[in-house]
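Colleague: Here it is: the structure, laid out below.
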Amino acid sequence: MSEDEHILQLPHISLKSRTLLPEESGIYYVVDEKSIIWYIGKAQNLRSRWTGDSHHRLDQLQKQRKKQFTIYYELLPESLLDLIEQQRIEIYSPQLNGTQVKAKKLRPTETLLRETLFSLAPYCFVLGVESPRKEDIKFIEDSINWQQNWRVKKAVLPLIVIHICINISELGYNWNSEMRFLRTIFRKRSNYYNNWEFAYTYKGKPIYELAVRRLLVNGFAIELYAIDKEALEYIQGYDLTQVAKVEIRTVDDASLAILKNKCLLGIAGISLANDNQDYPYDQLSRKAIERIYPYKQDLVKLLFDEDIDLSKLQVLPIDTRNLRDINTGLLVRLANIVQKKQYLAALLTERGIDLNRYEVNRYLEQLPKDDNYIDSSTYKRMNIFIKPFFGKLKEPIGDKIVNSEVIRMNNTIYGAKGMTSQISLRERYKEVYLQATVDRVFWLLLETYLSDFAKVKLNEEEGYISKAYVSPRRFIAPAIVTVTLNGKWKADIPFGSKDNMSYNASIEAIASLLQASGIPKLKFSFTQESIRT
């Protein structure tokens, strides 16, 4: 059933930002962008009920990828929750209440390991195996001293470690396609209760795409990382072995001995040691590889031995690096850029739009002439400023805890009157916006329809925040309208609130304007504002 005025007047927050729900008891309503109520529930603590992936309906809701869900809530004492919940369910008859929750199938980690190895085996090899690190007190102390705590995490210390190297050079020559391939291989899959994780991160994010990845499985730690081309030259031969019943190469004993003498094992994997200098940190990396001994037999015993559909596994994409357009002689990638720029220039001119505005002509006139062309973001993108739906930015909108004390988050505000903060001298600016970037050609084309929901220039009384944090790690990711032209070219355009309009009202207004724009073959979709880490 659709929501009514009672629900519309309640406080609300997007499903993606559910961690910002209040820690109080109440009734909650999950409503989509068409005002259809999907679920009604009660909670003694609204935030805890929706923390992480704990809610039993979250998986069902997230699978509705085209839906934008909002959680409306009304705060009530615990004594009334049962009665009010029952009344609300009877009145609104939500979509999911009363339906059975599908059991979420959890698959063993050994299956994830085998699927990964089946895809990567042609491009990787076993370097060797390492005794449990808890046996080497000096190695533990040195790792902690050099802030290499990832080596000696509590869960890893008692485990035998199997080391596997990825030969990046065998993946091809296109760095972007290689990275896309690897990201797909290691993508987070919700039906596994354990996933490949980066062993070394900074502020929750990997410091390097090819840094050590680790998987704990059946009493072993599998560590997988890259190896430099220079180090590969010292490998004289391989033997064939298995890991979890997947056939894979392993370096022979002689090659491992040379690598242990010539190389270091650091955050980014295997690299050649510097013969002239031996820094203390390098000593730790040298010790790390010296601890490895030859891998002779399959150590990972399977407990479940699930059947794996090899046809569904990711394979290395065809290398299109040298494919050329028959008409221009340019690489296909560059020929597409030429076609895109010519199409956009013609469309703007046909609609009587000045190409000199925002220096769009400067970007459109830069056409690829040879294989060395780079589509520079400096000329391609520009800044815009928006008002988030989340709330006003003049004052702090999040907390952090320091020594058991709650400290208000403090973002830096920039503008014509100088740099200030949300806490000090915030009256310097009457309005504060969130800065975002946008494709300047698409913005010029659509500015007429989106200018009420974003600004290009601020006046002296207006400031901006480059990134609005609501906690030490979480920040506001603006709402986006994704626009596609001619079925080929796509751009994400951030937008915000106009005159405190709600998100649903804003997208209805924007959709109406774009539908009436007369731009041929224009398609668009919306992504709701969220809180990300």
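Colleague: So which aspartates and glutamates pass the test for Lys523, namely a Cα distance under 14 Å, with those fewer than 8 places away in the same chain ruled out?
Modeller: Asp492
Colleague: What is the calculated FRET efficiency for Glu24 to Leu272, with r their C-beta to C-beta distance and R₀ = 60 Å, to the nearest 0.05?
Modeller: Efficiency at R0 = 60 Å is approximately 0.55.
Colleague: Quick one: go through segment 217-247 and flag any residue whose amide nitrogen is under 17 Å from the point 7 Å out along the Cα-to-Cβ line of Asp282.
Modeller: Answer for this model: 228, 230-231.
Colleague: Further question on the same structure: At 1.4 Å probe radius, can you tell me the per residue accessible area of the chain in Å²?
Modeller: 53
Colleague: If you look for lysine pairs in segment 22-124 that are eight or more places apart or on different chains, how many of them have Cα atoms under 15 Å apart?
Modeller: Counting lysine pairs in segment 22-124 gives 5.
Colleague: Also, I was wondering about something else. Ranked highest first by average number of other Cβ atoms within 10 Å, how do 282-293, 371-382 line up?
Modeller: Most protected by this proxy first, the peptides run 282-293, 371-382.
Colleague: Label points 7 Å out from Cα along the Cβ direction at Glu197 and Asp253: separation in nm?
Modeller: 3.7
Colleague: Starting from the eigenvalues of the Cα gyration tensor, five times each then square-rooted, give me the equivalent ellipsoid semi-axes of segment 1-62, largest first, whole Å.
Modeller: With the √(5λ) rule applied to segment 1-62, the semi-axes are 18, 14, 10 Å.
Colleague: In Å and whole numbers, how far do the C-alpha atoms of segment 30-99 stretch along each principal axis, longest first?
Modeller: Extents along the principal axes, in whole Å: 36, 28, 20.
Colleague: What nm distance separates the two modelled labels at Glu461 and Thr378, each placed 7 Å from Cα along Cα→Cβ?
Modeller: 3.7
Colleague: Cα extents of segment 430-533 along the three principal axes, largest first, in whole Å?
Modeller: For segment 430-533, the Cα spread along each principal axis is 42, 31, 25 Å.
Colleague: Next question, about the same structure. When the Kirkwood hydrodynamic radius is evaluated over all pairs of different C-alpha atoms of segment 1-129, what value in angstrom, to one decimal, is obtained?
Modeller: So the Kirkwood estimate lands at 16.9 Å.
Colleague: To continue, here is another question. Along the charge dipole of the chain, which of Ser285, Leu61, Pro520 sits closest to the positive end, that is, farthest toward it, with unit charges on the beta carbon of Lys, Arg, Asp and Glu (+1, +1, -1, -1)?
Modeller: Going by the Cα projections, it comes out as Pro520.
Colleague: Continuing with the same structure: Largest first and to the nearest Å, give the Cα extent of segment 413-487 along each principal axis.
Modeller: Extents along the principal axes, in whole Å: 49, 30, 16.
Colleague: Moving on. So what is the diffusion coefficient of segment 207-282 in µm² per second by Stokes-Einstein at 37 °C and 0.692 mPa s, using a Kirkwood Rh over Cα pairs?
Modeller: Reported coefficient: 233 µm²/s.
Colleague: So, one more: Using a 1.4 angstrom probe with every protein chain in place, what is the largest-first accessible-area order of Tyr343, Tyr429?
Modeller: Tyr343, Tyr429
Colleague: Let me ask something else about it. Based on the Cα atoms of the chain, what semi-axes does the equivalent ellipsoid have, where each is the square root of 5 times one gyration tensor eigenvalue, given in whole Å with the largest first?
Modeller: 45, 34, 25
Colleague: By how many nm would the segment from Ala509 to Lys66 lengthen if fully extended, with 0.36 nm per residue of separation less the alpha-carbon distance?
Modeller: 157.6 nm
Colleague: Scale the Cα Rg of segment 452-500 by the rule-of-thumb value 2.2 N^0.38 Å and send over the ratio, two decimals.
Modeller: Taking the Cα Rg and dividing by 2.2 N^0.38 Å, one obtains 1.48.
Colleague: A further question follows. Which whole-number percentage describes the relative contact order of segment 71-174, with Cα contacts under 8 Å and a sequence gap of 6 or more?
Modeller: Rounded, it is 29 percent for segment 71-174.
Colleague: Also, I was wondering about something else. Could you work out the mean projected area of the convex hull around the alpha carbons of segment 87-136, in square nanometres to one decimal?
Modeller: Over every viewing direction, the Cα hull of segment 87-136 projects on average to 8.6 nm².
Colleague: Put Arg107, Arg65 in order of accessible area, largest first, 1.4 Å probe: what do you get?
Modeller: Result, largest first: Arg65, Arg107.
Colleague: On to the next question. Given Cα pairs under 8 Å that are at least 6 residues apart, what percent is the relative contact order of the chain?
Modeller: Reported as a whole number, the value is 10 percent.
Colleague: Could you give the radius of gyration (one decimal) and Dmax (whole number) of the Cα atoms in segment 105-162, in Å?
Modeller: 14.8, 42
Colleague: When the convex hull of the C-alpha atoms of segment 247-375 is computed, what volume per residue in Å³ does it have?
Modeller: Residue-normalised Cα hull volume stands at 305 Å³.
Colleague: Still on this structure, I have one more. Tally up the carbon and sulfur contribution to the accessible surface of the chain as a whole percent, 1.4 Å probe, everything protein left in place.
Modeller: The computed percentage sits at 48.
Colleague: Please work out the FRET efficiency for the pair Lys417 and Met179, using the Cβ-Cβ distance as r and a Förster radius of 41 Å; give the result to the nearest 0.05.
Modeller: For Lys417 and Met179, the calculated efficiency is 0.45.
The values are calculated or read from the model by the stated rules, or taken from the named source; none is laboratory data. As the structure is a computational prediction, the values presented were derived from the model and not from experiment. With ideal geometry, Cβ positions are generated from the backbone for all residues, glycine too; neighbour counts draw on all protein chains shown. For accessibility, only protein heavy atoms count, side chains too; no ligands or nucleic acids. Shrake-Rupley method; radii C 1.70, N 1.55, O 1.52, S 1.80 Å.
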